[in-house]
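The values are calculated or read from the model by the stated rules, or taken from the named source; none is laboratory data. Just so it is clear, the structure is predicted and the values come from calculations on it, not from any experiment. Every residue, glycine as well, gets a Cβ built from its backbone with ideal geometry; the counts of neighbours run over all protein chains shown.
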Amino acid sequence: MTLDEFRQTLASATPPDLSPLLQSLWHDAKGDWDQAHRFAQDVSGADGAWVHAYLHRKEGDLPNARYWYRQAGREAATEPLDAEWARIVDQLLSRG
């Protein structure tokens with residue numbers, strides 16, 4: 001699936017059958033931060049921490065976001081939120 005195809009799924013009422021992190025980002029794009037956070041907080045590892053960081057950055061909880069960026073081994077993002085969202089989705093999709 002490509003980023004554009006993933007974006008097209010946002011017209012649906014249910015997320016595609018993909019990884020929990022992609023489902024998290026799908027719910028985030030649909031405006032359901034709480035559901036997105038529920039998915040993200042259950043995934044360990046650097047990718048889970050990156051999605052978690054993005055969500056807390058979007059929430060406006062920057063100290064918490066910085067913690068999760070450190071857990072992900074990444075610098076805290078400064079790009080627009082929609083650009084970071086697309087970058088995360090694209091990278092997760094590229095891994096299959």
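Pairs please, first residue from region 74-85 and charged (D, E, K, R), second anywhere and part of a helix (DSSP H, G or I), Cβ atoms under 7 Å, 6+ apart in sequence or on different chains.
Close Cβ pairs satisfying both conditions: Arg74/Trp50; Glu75/Tyr69; Glu84/Tyr54.
Pull up region 28-45, narrow it to residues that are without any contact (Cβ under 8 Å) to a residue 24 or more places away in the chain and under 10 Å from the mean Cα position of the chain (by Cα), then point me to the one that is nearest to Ala13 (Cα to Cα).
Ala36
Among the residues of region 6-15 satisfying the criterion of being modelled with pLDDT of 95 or more, under 16 Å from the mean Cα position of the chain (by Cα) and over 13 Å from Arg87 (Cα atoms), which is surrounded by the most Cβ atoms within 10 Å (Cβ to Cβ)?
Thr9
Looking at region 25-62, which of its residues are among the acidic types (Asp, Glu) and under 16 Å from Arg74 (Cα atoms)?
If the condition is that a residue be among the acidic types (Asp, Glu) and under 16 Å from Arg74 (Cα atoms), then Asp47 is the only one that fits.
I'm trying to understand the selection: among the residues of region 30-68, which are in contact with a Ser or Thr (Cβ under 7 Å, 6 or more places away or on another chain) and under 16 Å from Leu81 (Cα atoms)?
Ala36, Val51
Restricting attention to region 41-96, report how many residues are surrounded by 12 or more Cβ atoms within 10 Å (Cβ to Cβ), among the acidic types (Asp, Glu) and part of a helix (DSSP H, G or I).
4
Leu18 - would you say it is out of contact with any strand residue (DSSP E or B) (no Cβ under 8 Å at 6 or more places or on another chain), modelled with pLDDT under 95 and not small (Gly, Ala, Ser)?
yes
Provide a single number: the residues in region 50-69 that are closer than 16 Å to Phe39 by Cα and acidic (Asp, Glu).
Residues meeting the conditions: 1.
Would you check which residues across region 24-56 are of a type in the set (A, V, I, L, M, F, W, C) and farther than 20 Å from Arg7 by Cα and list them?
Val43, Ala46, Ala49, Ala53
Matching residues to (1) closer than 15 Å to Leu25 by Cα; (2) at pLDDT 95 or above; (3) within 10 Å of the chain's Cα centre (by Cα):
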| residue | (1), (2), (3) |
| --- | --- |
| Asp47 | yes, yes, yes |
| His52 | yes, yes, yes |
| Glu59 | yes, yes, no |
| Trp68 | no, yes, no |
| Glu84 | yes, yes, yes |
| Leu93 | yes, yes, no |
